[in-house]
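Enquirer: Okay, handing you the structure first.
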Amino acid sequence: MFDDVSNFVNSVDATFLFTLIVSVFFLVLITILMIVFVIKYNRKRNPKGTNIKGNMVLEITWIVIPTILVLVMFWFGWEGYLEMVDVPEDAIPVNVTAKMWEWSFEYEDGTTTDTLYVPVNRPVKLILQSVDVNHSFFIPAFRLKKDVFPNTERIAWFQAKETGEYDIACSEYCGLNHSYMYSKIIVLPDEDFNNWMYGMSEEDLKLLNEMTKSDN
Amino acid sequence: MSTVAAATGSNGHEPSYLDYKGKHSGILGWILSTDHKRIGILYLISLSLFFLVGVGFGFLMRLELISPGRTIMDPQTYNSFFTLHGVIMIFLFVVPGIPAVFGNFFLPILIGAKDVAFPRINLLSWYLYVFGGLLAIVAILLPGGPADTGWTFYVPYSIRTNTNVIIALLAAFILGFSSILTGLNFVTTVHRLKAPGMSWFKLPLSVWGLYSTAWVQVLATPIIGITLLLVAIERLLGVGIFDPALGGDPVLYQHLFWIYSHPAVYIMILPAMGIVSEVIPVFSRRTIFGYKFIAFSSVAIALFGSLVWAHHMFTAGMSDTGQFVFSLLTMLVAIPSAIKVFNWVATLYKGSIDLATPMLYVLAFIFLFTIGGLTGVMQGVLSIDIQVHDTSFIVAHFHYVMFGGTGFGFFAALHYWFPKMFGKMYNRKTAKTSFWFLFIGFNLLYFPMFIMGWLGMPRRYYDYLPEFHSYHLISTIGSWILIIGLLLMVYNLYRAIRKGKVVTEKNVWGGETLEWQIDTPPIHENFSEVPVIENDPYQYKMNEEILEKEETS
């Protein structure tokens, strides 16, 4: 699993871990029972079977327990999902445009880039739109994904918790170079981000980025 | 084939369906026959051919992905290949699959009937199937090139691409009719043609599976037909239905597509579950555990499975209410499947288990389907689905269900009923060897996809980041092992038909359903006299009789 680099990671990963543990438990249970029965009641060892038509108590048990478990899983998932759609009002808006096969990002002041720069620890709101076919905006490290449609807007948001560089992928099939529709998101310390917003060129910014890195 | 069967000879009275001389002889005696058994064999041959073509495309895709960058093909070819792989496997193998081959051959026999309710419509379904299948193949060869949209044909891409989308859509449309007619036939057959005494709860469980499936085929398939037609109209006439550039709504397309295609996955899995319920008691030599729970869970799956389609669209931006309802229902639809799995495992308890090839496939089905089912539950959980949607996690999940489930169910049925269908026995040792190749290859091929999907490897990718290389490499090696197993199985069965050991015994496995009471291979109209049913399908009275004998001695 990834590091805790963005606000949704903890909740999604915890839910995933819970469902994984429950799943592995049932898989192991079923597999072991099958193997044990096949060995123990092998025809050589056990030439005649015993007829058992069913057992109401067992049936009710294995209906009720899984039902409770899936309802709990559902609830965790729903809570996690609610966070994803509840966009804070002070989030920095960024217009994201998808087109075959590249991403572009436009900030409030009109600055347009092909890489998404965001400040750490501040909510960012993405307003997503496509100019051609369906795409999907996917930052695996942030557990963030939203389909992007032409002629209609979709909203997503996140709050990065660690500075660094992460991949942005397109996850809805969009033709020839779908698998090359990658971009980067670069999470900067507040100060660097402000410098950049005040009109530094991308080259300057990269330089600055490297300088701050070597300082550390 | 009829000459081979002639050598078999039938059991002294009426000739078997393989030798039967009707109005036509030779090849015409097959392709104009309305005998459900001959139609079943026609399906088996044509389905196997399409299946091997689909496997070929899958093999080439995996080969391309063995390392990052270009290996053997360009991205356009790759995109067409995954589309063809999907279209062929879904519409030509998995959806018709068990109902068309084993449903046709055995459904009438299992309920004690001479044939299906509408034998001629049955033959028409096969012609529609072949015609649709050939059309899909023709679309590959025509100028413009094969469709490159994925089997989902998502709009607006499918409106804009210049490839032969219309022909592919038409093929799917025609195949839909084949499916509807088969469904209609089976529903009517089960309602009208049950033998005297064959009440609903005396039906073998595979009939319950086929019956539930048939309803879904009849009710859901027309929706995909209409939807695909609308896409064709939009492409040809420029009417704005789904394409936003023309004022249409692409999300509407996704809804309509999945209103069919989600129930369709239950069309694919329910018959295989029926096979499992059939095979387990026979090879455990005891009654099935929880007959009614297994029977009703088929119906429950068919019902609830029709109400969960939008879980394919959790990242599309539905209303919160929509997300809530569809996620909740998705979690609940897992329960009937879980009931089945528990009852199957309980049927092994205190059985007398023979680990023959059909049983091996069935146990593998339970294991693989459990993995596929549990990961399906994970995807039903909203926040997890956001991460894994449209990644190779999904690809792994549906291959575990569709191939590990339906595919292995199909192979189980094939090895179970093969001696009855052909009056020949395959080499049992080779059958088991090929099983192990399939099982190990399968897991190597698909399991790594779960891991890399969770780590962010999107699906339908021609190329990938270097960090995913090791997973792709293992997966490709797995595909080779799997294919060795497949070829070995095909060879073994083909060889058995040509020169396998002749079987004339009525009941090779010790089954108690009706197909094991009749001649091997069955005679033209199955039964010399109409059977009267008095017992439940899996009684195994001998268990109690042996017990009594032991007590008295």
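Laboratory data are not the source of any read-out in this text; all were calculated from the coordinates shown. Values in this document were obtained by computation on a predicted structure and should not be read as measured data. A quick note on method: Cβ atoms are made from the backbone with ideal geometry, for glycine too, and the neighbour counts reach across all protein chains shown.
Enquirer: Apply the Karplus parameterisation 6.51 cos²θ - 1.76 cosθ + 1.60, with θ equal to phi minus 60°, to every residue of region B:153-161 and state each ³J(HN,Hα) to the nearest whole Hz, in sequence, with x for glycine and proline.
Expert: 6, 4, 7, x, 4, 5, 7, 8, 5
Enquirer: Setting aside same-chain residues fewer than 8 positions from A:K40, which lysines have a Cα under 28 Å from its Cα?
Expert: A:K48, A:K53, B:K292, B:K340, B:K350, B:K429, B:K432, B:K541, B:K549
Enquirer: Starting from the Cα-Cα distance between B:V490 and B:I121, subtract it from 0.36 nm times their residue separation and give me the gain in nm to one decimal. Could you put the intermediate results ahead of the total?
Expert: Numbers: separation 369, 0.36 × 369 = 132.84 nm, distance 2.99 nm.
That pair, B:V490 and B:I121, stretches by 129.8 nm at full extension.
Enquirer: Kirkwood hydrodynamic radius, region B:148-305, all distinct C-alpha pairs: what's the number in Å?
Expert: Working: mean 1/r = 0.0571 Å⁻¹.
After inverting the mean inverse Cα-Cα distance, the result is 17.5 Å.
Enquirer: With r defined as the distance between the Cβ atoms of A:N42 and B:E505 and R0 fixed at 25 Å, what FRET efficiency is calculated, to the nearest 0.05?
Expert: Working: r = 23 Å, r/R0 = 0.93.
Plugging the Cβ-Cβ distance into 1/(1 + (r/R0)^6) gives 0.60.
Enquirer: For A:K99, which lysines qualify as cross-link partners when the Cα separation must be under 18 Å and same-chain residues fewer than eight apart are set aside?
Expert: Correct list for A:K99: A:K145, A:K146, A:K184.
Enquirer: When the Karplus curve 6.51 cos²θ - 1.76 cosθ + 1.60 is applied with θ = phi - 60°, which whole-Hz ³J(HN,Hα) does each residue of region A:99-104 get, with x for Gly and Pro?
Expert: In residue order, the calculated couplings are 9, 4, 10, 8, 10, 9 Hz.
Enquirer: What are the DSSP H helices in chain B that stretch 15 Å or more along their long axis, judged by alpha-carbon atoms, and whose average Kyte-Doolittle hydropathy comes to at least 0.5? Kindly include the intermediate steps, with their values, before the conclusion.
Expert: Working: long enough: B:36-64 (41 Å, 1.29); B:75-87 (18 Å, -0.16); B:119-141 (34 Å, 1.58); B:165-192 (40 Å, 1.70); B:205-237 (48 Å, 1.51); B:250-284 (51 Å, 1.16); B:291-304 (20 Å, 1.71); B:320-348 (44 Å, 1.23); B:357-380 (34 Å, 1.52); B:408-422 (20 Å, 0.80); B:428-454 (40 Å, 0.71); B:469-499 (45 Å, 0.85); B:541-552 (17 Å, -1.61).
Within chain B the helices that satisfy the rule are B:36-64, B:119-141, B:165-192, B:205-237, B:250-284, B:291-304, B:320-348, B:357-380, B:408-422, B:428-454, B:469-499.
Enquirer: How many percent of all Cα-Cα pairs in the protein assembly as shown sit more than 43 Å apart?
Expert: Of the Cα pairs, 30 percent sit more than 43 Å apart.
Enquirer: A further question follows. Can you work out the Karplus-derived ³J(HN,Hα) for every residue in region B:505-513? Use 6.51 cos²θ - 1.76 cosθ + 1.60 with θ = phi - 60°, whole Hz, and x for glycine or proline.
Expert: Each residue of region B:505-513 in turn: 4, 6, 10, 6, 9, x, x, 10, 7 Hz.
Enquirer: Another question, then. Quick one: work out the % antiparallel among DSSP beta bridges in the protein assembly as shown, nearest 5.
Expert: Percentage antiparallel, nearest 5: 70.
Enquirer: What relative contact order, as a whole-number percentage, does chain B give when Cα pairs under 8 Å and 6 or more residues apart are counted?
Expert: 18
Enquirer: Using only Cα atoms, tell me the angle between helix A:56-85 and the longest principal axis of chain A; keep it within 0 to 90° and round to the nearest 10.
Expert: It works out to around 0 degrees.
Enquirer: Expressed in nm², what is the orientationally averaged projection area of the convex hull enclosing the Cα positions of region B:44-110?
Expert: Mean projected area of the Cα convex hull: 4.8 nm².
Enquirer: Another question about this same structure. Along each principal axis of its Cα atoms, how long is region A:9-85 end to end? Whole angstroms, biggest number first, please.
Expert: Result for region A:9-85: principal-axis Cα extents of 60, 25, 12 Å.
Enquirer: Could you pull out every residue, at least 5 positions away or on a different chain, whose amide H is within less than 5 Å of the one on A:I92? Hs are placed 1.01 Å off N in the peptide plane, and Pro or chain starts have none.
Expert: Residues meeting the criterion, in which the H sits 1.01 Å from N, are A:V124, A:K125.
Enquirer: How large is the convex hull of the Cα atoms of region A:92-215 per residue, expressed in Å³ as a whole number?
Expert: Spread over its residues, the Cα hull of region A:92-215 gives 99 Å³ apiece.
Enquirer: Name the most mobile residue of A:W75, A:W103, A:W62, meaning the one with the largest mean-square fluctuation, in a Gaussian network model of chain A with Cα contacts below 10 Å.
Expert: Looking only at A:W75, A:W103, A:W62, the largest GNM fluctuation is found for A:W62.
Enquirer: Quick one: what does P(r) look like for chain B with 10 Å bins over all Cα pairs, in whole %?
Expert: Final binned percentages: 4, 18, 29, 28, 15, 6, 1, 0, 0.
Enquirer: Points 7 angstrom from Cα along the Cβ direction at B:F296 and B:Q76: gap in nanometres?
Expert: A separation of 5.7 nm, rounded to one decimal place.
Enquirer: Return the single residue from A:D192, A:D167, A:D86 with maximal mean-square fluctuation; model: Gaussian network over chain A, springs between Cα atoms under 10 Å.
Expert: A:D86
Enquirer: Something else: Using alpha carbons only, how many degrees (0 to 90, rounded to 10) separate the axis of helix A:9-40 from the longest principal axis of chain A?
Expert: So the inclination is approximately 20 degrees.
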